[in-house]
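A short write-up of the structure that comes next.
The values are calculated or read from the model by the stated rules, or taken from the named source; none is laboratory data. All values reported here derive from a predicted model rather than from experimental measurement. With ideal geometry, Cβ positions are generated from the backbone for all residues, glycine too; neighbour counts draw on all protein chains shown.
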Amino acid sequence: MRNKFTDKQREYLTTLSCVEKVTEYNITFTTEFKKDFLRRKRQGDSFEIILHDYGIKYHMLGVLRIKTMYSRWQKEESRPEGFERKANSSKEKKRKKEFKSIEEEMQYLKDEKDYYKRLSEWLKKPGGRKEPTRK
């Protein structure tokens, strides 16, 4: 079961300068905090001391969340884009197909429906069939 933040905890955490956003289940820290956290951890400071210095109570986050974020931040730090979101991140706004007319959109939807129908039929048949292709 995931660790939920109480309303009181969320209210407190949002007052901290190192916190960008807090939801019921997630907390987002500033890039500056992440960099300082990793630097201090490399220097030998414990998770508890680093968090305490920023006003975060260790038990609020929990051991698993702290170890997970530490591991994730180490990976992020070594990426070319650093702590910034990857360009194709799943949390980025999804690309929406734009149509010139309602007719074009209708045709696209009909083609999609036809493709999925053929795919469904293909999946029901035993091997040896050529996979359907999109138009």
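Annotations
- Residue check for TYR25: of a type in the set (Phe, Trp, Tyr), within 19 Å of ASN3 (Cβ to Cβ) and in a helix (DSSP H, G or I): no
- Qualifying residue in segment 1-22 (condition: modelled with pLDDT of 90 or more, touching a helix residue (DSSP H, G or I) at 6+ places or on another chain (Cβ under 8 Å), over 30 Å from GLU112 (Cα atoms) and charged (D, E, K, R)): no
- Of all residues making up segment 28-38, the number that are loosely packed, with under 13 Cβ neighbours inside 10 Å and either among the aliphatic types (A, V, I, L, M) or in a loop (DSSP other than H, G, I, E, B) (or both): 0
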